[in-house]
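Novice: I'd like to ask some things about the structure below.
The values are calculated or read from the model by the stated rules, or taken from the named source; none is laboratory data. Model, not experiment: these values are computed from the prediction. Cβ: placed from backbone, ideal geometry, glycine included. Neighbour counts: every protein chain shown.
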Amino acid sequence: MPQLPMEGIRVLDSTYVFALPYTGALLSDFGAEVIKIEGPAHPDTTRNSGLAGSYPEHDLGDDPWNRPSTYNLLHRGKQSLTLDMTDPRGRDLFRDMVRVSDVVMENFTPRVMRAWELDYPNLRKIKPDIIMISNTGFGHGGGPYSNNPAQATTLEGMHGHCWVTGYDGDGPNRVGASFVDFLSTWTALFAIGSALRYRSRTGQGQWADIAMYQAGVMFMSDYLMDAISNGRDGERIGNRHPYRAPQGCYPAQGDNEWIALSVGTDEQWQSLCKVLGREDLAQNARYADLLSRQRNHDELDKVIETWSAERDKYDMMHQLQGVGIPAGPVLTGKDVHFDPQYKSRGFLERVEYPEERGLGSRIFMGRPYKFSNTPLRIRGPAPTFGQDNERLLKELLGIKDDVYQGLVQDSITAEIPLAGNPVPRIPQERMVELGLMAAWDPEYRERLGLS
Amino acid sequence: MPPGVLGGVKVLDLSEDIAGSFCARLLADYGADVLKLEPPGGAALRRMGPFHQDDPHPEKSLFNLVLNLNKKGATINLETTTGQALLKELVQRVDVVVETFHPGHLESLGLGYDALQELNPSLVMTSITPFGQEGPYSQYLGEEIVSYAMGMIMSISGSQGRAPLKHGGFQAQYEGGLNGAAATAICLFGMENGCGGQHIDVAINDCVASTMMATQTMYPFMGGTQHRRRATGQDFTYPMPCADGWVIVQTGGGASWEDIVNLFQEPELLDSRFSNTDERALNGVEMDKIMVDALSRLNKWDLFAKAAEARILFGLVQTPKEIAECPQLESREFYREVDHPVIGKIKVPAVLFNFSLCPYELRHPAPTLGQHNQEIYVDGLGYSQEDFCRLRQLNAI
């Protein structure tokens, strides 16, 4: 078996929240040695805020900062080192780490690394072929918004996505997850793979300056061109399609169950009429072609709803796909765990935790692709806060024990975060009552076979 | 000037859709030599609107203009034996093939990964399809809305009591394209690292699903299923109307709740009912009413400037026209002017991110249909001018 693509590459992951931590997780899947760096008083946001996701059995436990689902997904397979970068000693240790690394990732607002003299021109002096990845809301440089704080939530409005997302006739909307973060996640992977190849060919490193806003705008290219060429300013069309009809998301049998389907060709329309048991419509001139179906879309929605509401969402998918109509059920976060296609692709992976972590085994998403020659796996659980401090500082940097004890003493490094309190939990039943959760299944451990 | 970061990488782009074209364009943007291969009648992308000045001419599809930027273009008819033979010749001269055919289609033509890898052992082939190459649904048909549905995002987008809501635009296609490019770059480096050729099997549904961190993990962590936002009481952190548009405000960043309250100029928001995330969730209806009322007196760009000063996480809902004139994107040279042989000079969104040593370089406009046939088949593969004409007559190119 060949080695993994990133084997032998050491990555310093000094990043927070979602975007680049996720890049680090994927790099670990690819075989890189990824060292997550946090400040003793600046633990990752996914350890304790509203971004933490869920806690095992909804229980904060004794070490809540090591337990959240989002933290554990985004830091699988990494090592953890805590360094106080606000202290010169912490920054010196960071520099020492840079000397023995291949890639550095950071996502501070532009002024921070500059003020610490840890920006690219400075890191390059320490390690000339270093590859550095910076991810910010609006990008470095002298632009008017470069120093604005930003997160995906607010950027989704800025990059135009909200403007074109929403129910027909309603205001702009945001999708349920922080979309633009992931565009930076993947952009960073692309930059790192390309830059590492370049370095292996030329010996030269470089700096990638990624702006989430810019990546989000890129995904709006067609709307931008319509604005530039035709002066059109985008519109919200709900679940419909600019040149397919009917298309929509329709209720299925059960509570909050839905099916999406999309008809593009006249042939698919004829097939849909048969599936609906409405051959009469197939002959009706009101729906004969795409233009007429678009005009009379509301009527067709009613016909489809009447049919769909009584049927199982998976049955409908198989029936519609069986006659060549694109269709699929709306899958929830629960459904994917039982979906045959995700199962067959091995998209969800089981990660076993050491006994003392008290997490048993948990299931996490892997990657959206498979490599034929080097099968990939999540390589281990997320580390506890500062888990690798002593080993990395002593073995990798050769720090003597008395110096290490001094660093611990002065909280330059720590194994318990010095700040950040978890948000108290609302009981599960109450969350469902309040609409903060769609459903709660107390039997999930048995159903998933979690140890 | 050093070559692009992917300088020297040669790519064949067989795709007809957004995902594959975007993937190959990113490789081209960062220095790879990409050849777009289209059927003699042109790829499906050329028939997709919007069109330049609303003229549905095959050279004026704006998708084609943008997504085939920096590529060269030739025609090839893979349904003919001669076309298949041409592809086999071309494959031996490249590092990467990008394709988005229905799974099994290339195999049926004798052009699947195994057959091509026999001709070129270190070939990376990047296949991007809705469901992936294998598995019980791999033969099912994908569409944007189906990817959003099966990728979980719809289950939490939109409002409770209404149907799940899809993303606007073609986000799933772009997601598939970017993931394809990322995986390709990783595998190209992997080759330096001894991994050899790879068939990369990207599933667009899985790309969408990959964005669902909190949603997926909620079930194996606590048995919960995430929901869409409530019909009322959950406007905060979503677009809220102001006097002249829509704005989004979020806690966090360098700002306190007091800073946010100052931005709204509404001291009532200091009440203990709104003091933390859970309180705000419990008292959302009242809070939204107070906020929307306060915002109705305020303008979006004033708010934007004040929020930046107070280090508040703040966004306003920009429209495509506003983004097309954005000074921040201007400062980062995001847009570039391209001179297209049919469309003429036009500004296009160009730069995904900025590299210090190997910056983005605009090299060619999107090719016209078959523009580089002569260069590829005569100069490149060495066909005589007579045979080149014959290939056209045989409908092989």
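Novice: State whether the residues of region A:193-207 include one that is surrounded by fewer than 23 Cβ atoms within 10 Å (Cβ to Cβ), farther than 20 Å from B:Ala163 by Cα, at the interface with chain B (Cβ under 7 Å from one of its Cβ atoms) and in contact with a Ser or Thr (Cβ under 9 Å, 6 or more places away or on another chain).
Specialist: Yes.
Novice: I would also like to ask the following. Only residues that are part of a loop (DSSP other than H, G, I, E, B) and either polar (S, T, N, Q) or not assigned by TED's automatic domain parsing to the domain that holds A:Asp315 (or both): list them for region A:247-261, please. If you could, list the steps in order and put the result at the bottom.
Specialist: As a first pass, look at region A:247-261 and keep what is part of a loop (DSSP other than H, G, I, E, B): A:252-257.
Those that are part of a loop (DSSP other than H, G, I, E, B) and either polar (S, T, N, Q) or not assigned by TED's automatic domain parsing to the domain that holds A:Asp315 (or both): A:Gln253, A:Asn256.
Novice: Here's another thing I want to ask about it. Since A:Gly169 meets every condition but one in (1) outside any loop (DSSP other than H, G, I, E, B); (2) more than 7 Å from chain B (Cβ to nearest Cβ), which condition does it not meet?
Specialist: For A:Gly169, the failing item is (1).
Novice: Tell me the residue from A:Gly53, A:Gly90, A:Gly61 that is more than 26 Å from A:Asp410 (Cβ to Cβ) and over 23 Å from the mean Cα position of the chain (by Cα), please. Even if it seems obvious, please write down each step before you answer.
Specialist: On the way: A:Gly53 fails: over 23 Å from the mean Cα position of the chain (by Cα); A:Gly90 fails: more than 26 Å from A:Asp410 (Cβ to Cβ).
Being more than 26 Å from A:Asp410 (Cβ to Cβ) and over 23 Å from the mean Cα position of the chain (by Cα) holds for just one of A:Gly53, A:Gly90, A:Gly61, which is A:Gly61.
Novice: Report the residue count in region B:313-339 for those that are at the interface with chain A (Cβ under 7 Å from one of its Cβ atoms) and touching a residue at least 12 places away in the same chain (Cβ under 8 Å).
Specialist: So in region B:313-339, the residues at the interface with chain A (Cβ under 7 Å from one of its Cβ atoms) come out as B:313-321, B:323-324, B:327-329, B:331-332, B:334.
With touching a residue at least 12 places away in the same chain (Cβ under 8 Å) added as a condition, the list becomes B:313-317, B:324, B:332, B:334.
Within region B:313-339, residues that are at the interface with chain A (Cβ under 7 Å from one of its Cβ atoms) and touching a residue at least 12 places away in the same chain (Cβ under 8 Å) number 8.
Novice: Go over the candidates A:Tyr213, A:Tyr167, A:Tyr223 one by one and state the one that is in contact (Cβ under 8 Å) with a residue 60 or more places away in the chain, of a type outside the set (D, E, K, R), outside the structural domain of A:Val98 (by TED's automatic domain parsing) and at negative phi.
Specialist: Working: A:Tyr213 fails: outside the structural domain of A:Val98 (by TED's automatic domain parsing); A:Tyr167 fails: outside the structural domain of A:Val98 (by TED's automatic domain parsing).
The conditions single out A:Tyr223.
Novice: Within the bounds of region A:388-400, is there any residue that is at pLDDT below 95 and part of a helix (DSSP H, G or I)?
Specialist: Residues of region A:388-400 that are at pLDDT below 95, as a first pass: none.
No - not one qualifying residue is present in region A:388-400.
Novice: For region B:345-362, enumerate the residues that are closer than 18 Å to B:Glu325 by Cα and assigned to a strand (DSSP E or B).
Specialist: Restricting attention to region B:345-362, the residues satisfying the condition of being closer than 18 Å to B:Glu325 by Cα are B:345-352.
Listed by number, the residues that qualify are B:Lys345, B:Ile346, B:Lys347, B:Val348, B:Pro349.
Novice: Right, something else. For a quick check of your reading: which strands (runs of 3 or more DSSP E) sit entirely within region B:160-254 and have at least 2 residues that are among the aliphatic types (A, V, I, L, M)? I'd like the intermediate steps shown before the answer.
Specialist: Details: elements: B:198-203, B:240-242, B:245-250.
Ranges flagged: B:198-203, B:245-250.
Novice: Looking at region B:121-157, which of its residues are at the interface with chain A (Cβ under 7 Å from one of its Cβ atoms), closer than 27 Å to A:Gly176 by Cα and in a loop (DSSP other than H, G, I, E, B)?
Specialist: Once the filter is applied, which keeps residues that are at the interface with chain A (Cβ under 7 Å from one of its Cβ atoms), closer than 27 Å to A:Gly176 by Cα and in a loop (DSSP other than H, G, I, E, B), region B:121-157 yields B:Phe131, B:Gly132, B:Tyr137, B:Tyr140, B:Leu141, B:Gly142, B:Glu143, B:Met152, B:Ser157.
Novice: From the residues in region A:208-239 that are among the aliphatic types (A, V, I, L, M) and part of a helix (DSSP H, G or I), which one is farthest from the other protein chains (Cβ to nearest Cβ)? Walk me through how you get there before you give the answer.
Specialist: Quick first cut of region A:208-239, residues among the aliphatic types (A, V, I, L, M) only: A:208, A:210-212, A:215, A:217-218, A:220, A:224-225, A:227-228, A:237.
Restricting the remaining residues to those that are part of a helix (DSSP H, G or I) gives A:212, A:215, A:217-218, A:224-225, A:227-228.
Numbers: A:Met212: 10, A:Ala215: 6, A:Val217: 6, A:Met218: 5, A:Leu224: 5, A:Met225: 4, A:Ala227: 4, A:Ile228: 5 Å.
Filtering region A:208-239 for residues that are among the aliphatic types (A, V, I, L, M) and part of a helix (DSSP H, G or I), the one farthest from the other protein chains (Cβ to nearest Cβ) comes out as A:Met212.
Novice: Got a number for residues in region B:297-325 being over 22 Å from B:Gly168 (Cβ atoms) and touching a Cys at 6+ places or on another chain (Cβ under 7 Å)?
Specialist: 3
Novice: Any idea which residue in region A:21-56 is nearest to B:Met191 (Cα to Cα), counting only those that are assigned to a strand (DSSP E or B) and among the charged types (D, E, K, R)? I'd like the intermediate steps shown before the answer.
Specialist: Step one: list which residues in region A:21-56 are assigned to a strand (DSSP E or B), which gives A:33-39, A:42.
Those left that are additionally among the charged types (D, E, K, R): A:33, A:36, A:38.
Values: A:Glu33: 18, A:Lys36: 26, A:Glu38: 32 Å.
In this case the residue turns out to be A:Glu33.
Novice: Taking helices (runs of 4 or more DSSP H) that do not extend beyond region A:61-165, which have at least 1 residues that are of a type in the set (Ser, Thr, Tyr)?
Specialist: On the way: elements: A:69-74, A:88-99, A:110-115, A:120-126, A:152-158, A:161-164.
Once the helices (runs of 4 or more DSSP H) in region A:61-165 are filtered for at least 1 residues that are of a type in the set (Ser, Thr, Tyr), what remains is A:69-74, A:120-126, A:152-158.
Novice: From (1) in contact with a Phe, Trp or Tyr (Cβ under 6 Å, 6 or more places away or on another chain); (2) hydroxyl-bearing (Ser, Thr, Tyr); (3) surrounded by fewer than 20 Cβ atoms within 10 Å (Cβ to Cβ), pick out the condition that doesn't hold for A:Tyr167.
Specialist: Unmet condition: (1).
Novice: Among (1) aliphatic (A, V, I, L, M); (2) within 19 Å of A:Thr187 (Cβ to Cβ); (3) touching a residue at least 60 places away in the same chain (Cβ under 8 Å), which single condition is A:Val34 missing?
Specialist: With (1) aliphatic (A, V, I, L, M); (2) within 19 Å of A:Thr187 (Cβ to Cβ); (3) touching a residue at least 60 places away in the same chain (Cβ under 8 Å) applied to A:Val34, the lone miss is (3).
Novice: Follow-up question, since we're still on this one. Considering only region A:19-46, state which residues are within 16 Å of the chain's Cα centre (by Cα) and not polar (S, T, N, Q). Reasoning before the result, please.
Specialist: Filtering region A:19-46 for residues within 16 Å of the chain's Cα centre (by Cα) gives A:19-29, A:44-46.
Hits for region A:19-46 are A:Ala19, A:Leu20, A:Pro21, A:Tyr22, A:Gly24, A:Ala25, A:Leu26, A:Leu27, A:Asp29, A:Asp44.
Novice: Can you name every one of the helices (runs of 4 or more DSSP H) wholly within region B:1-120 that holds 2 or more residues which are touching a His at 6+ places or on another chain (Cβ under 7 Å) and outside the structural domain of B:Gly132 (by TED's automatic domain parsing)?
Specialist: Values: elements: B:18-29, B:62-67, B:81-91, B:105-108, B:113-119.
Ranges flagged: none.
Novice: Condition (residue is touching a Phe, Trp or Tyr at 6+ places or on another chain (Cβ under 7 Å), more than 9 Å from chain B (Cβ to nearest Cβ), touching a residue at least 24 places away in the same chain (Cβ under 8 Å) and not charged (D, E, K, R)) applied to region A:178-191: is it met by at least one residue?
Specialist: no
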